[in-house]
Amino acid sequence: MPSSKPLMTQSSGPTPSSVESALRTLETESGGINALAAALRGPLGETFARAVDLIRQARGRVIVTGLGKSGHMARKIAATLASTGTPAFFVHAAEAGHGDLGMITTDDVIMALSWSGEQPEMKILVNYSARFAIPMIAVTSNPESSLAQAADIVIELPKAREACPHNLAPTTSTLMQAAIGDAIAIALLEGRGFTALEFAHFHPGGKLGAMLKFVRDYMRTGAEIPVKPVGTKMSDAVMEMSAKGLGCVCIVNDAGEAVGIITDGDLRRHMRPDLLTVSVDDIMTQQPKSVPPSMLATEMIEVLNARKITTLVVTEADKVVGIVHLHDLLRAGVA
């Protein structure tokens, strides 16, 4: 039976109010990010650099703290720092006075987020920092606040209007906090030369983990490789292609080196009455693109996309050791 629900159609009428609201929100928040970028090009840049150096030189970890929406941003920043090679974790400012201060050592650096810089709950952390000479970085919009006055370094965020029409709900402000946290994390990452291989150690799961595996983890090997020697008749090559189901066959010389590849596309381009009787040498694409088994999967995807191909020959010491097909990568959630 046909559905009784109305079909969704594109409207050529006026923009819905919800979309207009969304656009206003994005424009307001982008204004905050632009103001932050402008500040970094000015005096804030030197302060930012000092904060990054302080964290880089610390023997311990970065303790990121905050309350309310700033607390949520602090938790996110701590996770980003940790995943990019800077040991960090989140301590809730209100829980600090109930035993969580024991998580903080004199080797650590505290990064405290507070838009106003005047939350009473932050006072316990401020006092603890002063008592044990633990460096503190304040991320706030109020350089005159009690938090800023107690901090060693103050990253002053520009005062920007919230996207909320009442200028109340933390929106632009929390986006700016997240952005400055990302900027610190990436500056530290780049400063220490943190590599994709190191990143893989912290991301073994999910799509990121899949992309940070190696070609050898996805390639087909041994009898699964569709391969035929030079001089083979096309009839045999087509049978090999059909048997292995990858839509291609790799052509190798006597030394086992890849000298060509024949794909479904090659068959279509060379379709003629005597196709099955000629040699693969006449049909193959010479010098097929190959990758080593030690290449990261994310780099392999870039090669496939750049060349607009679906298959890569895997070679080691010039010998064919495997083959990778885009369909295998899709099934693994890499592509």
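The values are calculated or read from the model by the stated rules, or taken from the named source; none is laboratory data. All values derive from a computational prediction rather than experimental measurement. Note: ideal-geometry Cβ built from the backbone for every residue, glycine included; neighbour counts use all protein chains shown. When the accessible area is computed, the model is the full protein with side chains, heavy atoms only, and any ligands, DNA or RNA have been set aside. Shrake-Rupley method; radii C 1.70, N 1.55, O 1.52, S 1.80 Å.
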Open item on the list: Among [x] 39, 22, 20; [y] 56, 28, 16; [z] 31, 24, 20, only one was calculated for this model; which label is it, if the read-out is semi-axes √(5λ) of the Cα gyration tensor in Å?
Closed with: [y]
TODO: Order the peptides 110-119, 136-145 from the highest to the lowest mean number of other Cβ atoms within 10 Å of their residues.
DONE: 110-119, 136-145
Open item on the list: A 30 angstrom limit on the alpha carbon distance is what I want to check against. Which of K213/K233; K233/K289; K76/K308 exceed it?
Closed with: K213/K233; K76/K308
Task: Accessible surface of the chain [probe 1.4 Å, protein heavy atoms]: carbon and sulfur percent - done: 55 percent
TODO: Quickly estimate the mean residue ellipticity at 222 nm for the chain, helices only: each DSSP H run with n ≥ 4 gives -39500 (n - 2.57), and the total goes over all residues, rounded to 500.
DONE: -12500 deg cm²/dmol
Task: Local electrostatic count, G97, Cβ distance below 14 Å [Lys/Arg +1, Asp/Glu -1] - done: -1
Open item on the list: Given points 7 Å out from each Cα along the Cα-Cβ axis, report the D274 to E302 separation in nanometres with one decimal.
Closed with: 4.6 nm
Task: Rounded tilt (10° steps) of 68-83 against the dominant C-alpha axis of the chain - done: 40 degrees
- [ ] Give, as a single signed number, the net charge of other residues whose beta carbon lies under 10 Å from the beta carbon of T86, with Lys and Arg counted +1 and Asp and Glu -1.
- [x] +3
Task: Most to least packed among 293-304, 271-282 [average Cβ atoms within 10 Å] - done: 293-304, 271-282
Open item on the list: Using a Förster radius of 25 Å, what is the FRET efficiency between A38 and F132 based on their Cβ-Cβ separation? Nearest 0.05, please.
Closed with: 0.10
Open item on the list: Just to confirm the number: angle between the C-alpha axis of helix 297-307 and the first principal axis of the chain, 0 to 90 degrees, nearest 10?
Closed with: 60 degrees
- [ ] Assuming R0 = 45 Å, can you tell me the calculated FRET efficiency for the pair D152 and L26, based on Cβ-Cβ distance, to the nearest 0.05?
- [x] 0.80
TODO: Once you've got the GNM for the chain with C-alpha springs shorter than 10 Å, pick whichever of A88, A133, A22 has the biggest mean-square fluctuation.
DONE: A22
TODO: Output the relative contact order of the chain, whole-number percent, from Cα pairs under 8 angstrom with separation of 6+ residues.
DONE: 13 percent
Task: Degrees separating the helix 43-57 axis from the principal Cα axis of the chain, which is the longest one - done: 70 degrees
